[in-house]
1. So for segment 51-58 (the condition being touching a Lys or Arg at 6+ places or on another chain (Cβ under 8 Å), away from the ligand (no atom under 16 Å from the Cβ), in a loop (DSSP other than H, G, I, E, B) and closer than 28 Å to residue 214 by Cβ), does at least one residue qualify?
2. Name the single residue that is surrounded by the fewest Cβ atoms within 10 Å (Cβ to Cβ) among those in segment 42-67 being closer than 15 Å to residue 219 by Cα and in contact (Cβ under 8 Å) with a residue 60 or more places away in the chain.
3. Inspect segment 302-310 for any residue being buried (at least 20 other Cβ atoms within 10 Å of the Cβ), of a type in the set (A, V, I, L, M) and part of a loop (DSSP other than H, G, I, E, B) and give the result as yes or no.
4. How many residues does segment 315-325 hold that are closer than 26 Å to residue 372 by Cβ and surrounded by 24 or more Cβ atoms within 10 Å (Cβ to Cβ)?
5. Considering every residue within segment 259-279, establish whether at least one is free of Cβ contacts under 8 Å to residues at least 40 places away in the same chain and assigned to a strand (DSSP E or B).
6. Please tell me if residue 17 is within 16 Å of the ligand (Cβ to nearest atom), more than 20 Å from residue 329 (Cα to Cα) and of a type in the set (Gly, Ala, Ser).
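The values are calculated or read from the model by the stated rules, or taken from the named source; none is laboratory data. Nothing here was measured: the structure is a model prediction, and the numbers come from that model. No Cβ is skipped: glycine too gets one built from the backbone with ideal geometry, and neighbour counts run over all protein chains shown.
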Amino acid sequence: MPIAVVVGAQWGDEGKGKIVDCYASQADLVVRFNGGANAGHTVVFEGKKYKFNLIPSGILYSQKTNIIGNGMVIDPKKLIDEIDGLLKSGHTPNLAISPRAHVVMPYHFVLDGAEEIRKGGLAAGTTKRGIGPCYADKAARFGIRVSELMDAQLFREKLHTMHQLECRIIEGVYGQVFKQTEDEVFLQYSDYAKRLAPYVKDTNEIIHSAIAKNKRILLEGAQATMLDIDHGMYPFGTSSSTTAGGACTGSGIGPTAIDEVVGVVKVYTSRVGSGPVPTELNDSIANYIRDKGGEYGTTTGRPRRIGWLDLVTVRYSVQVNGFTGLAFTRLDTLSGVEKIKVCTHYTLDGKKTESMPASHKDFERCKPVYKEFKGWKDVGEKEWRAIASKGFKALPKEAQAYLTFISKTVGVPIYIVGVGPGREDTIVLKDVFKRK
Ligand code: IMP
């Protein structure tokens, strides 16, 4: 039975929330497998906007189980706020938290800021949500898992060690002060534990009994390929496995069970945070796209950097994720641009390359080489919706040519085309959960 993964193919903010929402309507289980409150997605449901950082996008369907996977790092306060927000608006969250997920602690936030300052020019421009330090503790086996937070005695023991250690690092190494005492943190987090306890479940059993019953499972990724801890442009990415492999490790589902991997591709490039972006634009076209598309970070509100679509990135993304289909987003935002460029390859030190360099220093020196396409007119919200209802062939011819070129160049079929923010503004060419 289909198990599908949805991941971002570029630098994040490709519009994954909308694609996940679209497929979630057909799924029985939605599992988020990586990241934490650094992600942000907006879901529009019955005319109301909901913003989530941690909760999976299927939460507004009460009959679907939404799982916070073991690959995630949880800021308990944020999660409780999101749960309370749902309860207030009349939704009972059908939520299960993996006991193997890690907990973001107050010292992680302080360290996130301090480490960024110390990194200077190599700072990633993080969201300051404590993500990197929490994953670092996880890898060093200093981390506190949800299961440990639920065990007051064990939590106290671990906190005792960690509080001392982190205070020394924050004060001794970074010259800052961590203001909360061990007791204060213990009391605060014990309260959080009580609130979250009803949602902590054996997610492994939930997932695998669903697989045994042929249920449809959607694995929701946060961030995107170029931010992956292994495959991204290190060190300017995030600290989790954002790619399809991370869907397996972050949920406890083996790779042989995965049927579909959908890569979400925004039809131009956007990026929040620092590091090189070869196709970046700093001109009136970038301003036009940023304003038209409201390209400001969902989590931090930062203006996003804008550029032309980069096919070296998309091709690389296809390789490291094994995409079976592409979901294009923001076709409407790019409309009205007279001539559209797409980067087909780079030159590095005068030589043509189609490969993604491993070193950010080499990446910085890559010069994009473009192919030019004729743009398409903006037809307005209503007309885009009408086009969406008619299907791919109703799209402006120039847009069809642009999308077909991308799909052919990277050798992956088109599954979805998004021409606006809502579900009605989406052309679904392939429903990943349809029985074959
Ligand atoms: P962190 O994940 O907060 O540690 O940030 C590391 C890098 O990933 C920074 O460049 C962030 O701007 C970027 N980043 C993290 N989460 C997202 C996201 O959801 N969308 C886009 N960029 C993100």
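1. Within segment 51-58 (the criterion being touching a Lys or Arg at 6+ places or on another chain (Cβ under 8 Å), away from the ligand (no atom under 16 Å from the Cβ), in a loop (DSSP other than H, G, I, E, B) and closer than 28 Å to residue 214 by Cβ), the answer is yes, since at least one residue qualifies.
2. Within segment 42-67, the first condition is being closer than 15 Å to residue 219 by Cα, and the residues that meet it are 54-59, 64-67.
When the remaining residues are screened for being in contact (Cβ under 8 Å) with a residue 60 or more places away in the chain, the result is 56-58, 65, 67.
Details: 56: 28, 57: 26, 58: 27, 65: 23, 67: 31.
Per the stated criteria, the residue is 65.
3. As a first pass, look at segment 302-310 and keep what is buried (at least 20 other Cβ atoms within 10 Å of the Cβ): 304-310.
Now restrict to residues that are of a type in the set (A, V, I, L, M): 306, 309.
Within this subset, residues satisfying the condition of being part of a loop (DSSP other than H, G, I, E, B) are none.
No, segment 302-310 contains no residue that is buried (at least 20 other Cβ atoms within 10 Å of the Cβ), of a type in the set (A, V, I, L, M) and part of a loop (DSSP other than H, G, I, E, B).
4. 2
5. Initially, segment 259-279 is screened for residues free of Cβ contacts under 8 Å to residues at least 40 places away in the same chain, giving none.
No: zero hits.
6. Working: within 16 Å of the ligand (Cβ to nearest atom): yes; more than 20 Å from residue 329 (Cα to Cα): no; of a type in the set (Gly, Ala, Ser): yes.
Taking the combined requirement at face value, the residue does not satisfy it.
Each row is one residue, and each column tells you yes or no for (1) on the phi < 0 side of the Ramachandran plot; (2) of a type in the set (Gly, Ala, Ser); (3) within 16 Å of the ligand (Cβ to nearest atom).
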{"site": "255", "(1), (2), (3)": "yes, no, no"}
{"site": "275", "(1), (2), (3)": "no, yes, yes"}
{"site": "280", "(1), (2), (3)": "yes, no, yes"}
{"site": "294", "(1), (2), (3)": "no, yes, yes"}
{"site": "303", "(1), (2), (3)": "yes, no, yes"}
{"site": "310", "(1), (2), (3)": "yes, no, yes"}
{"site": "329", "(1), (2), (3)": "yes, no, yes"}
{"site": "332", "(1), (2), (3)": "yes, no, no"}
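Residue-by-condition table, conditions (1) within 16 Å of the ligand (Cβ to nearest atom); (2) outside the structural domain of residue 227 (by TED's automatic domain parsing); (3) not acidic (Asp, Glu):
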position	(1), (2), (3)
113	yes, yes, yes
118	yes, yes, yes
122	yes, yes, yes
142	no, yes, yes
151	no, yes, no
155	no, yes, yes
159	no, yes, yes
162	no, yes, yes
165	no, yes, yes
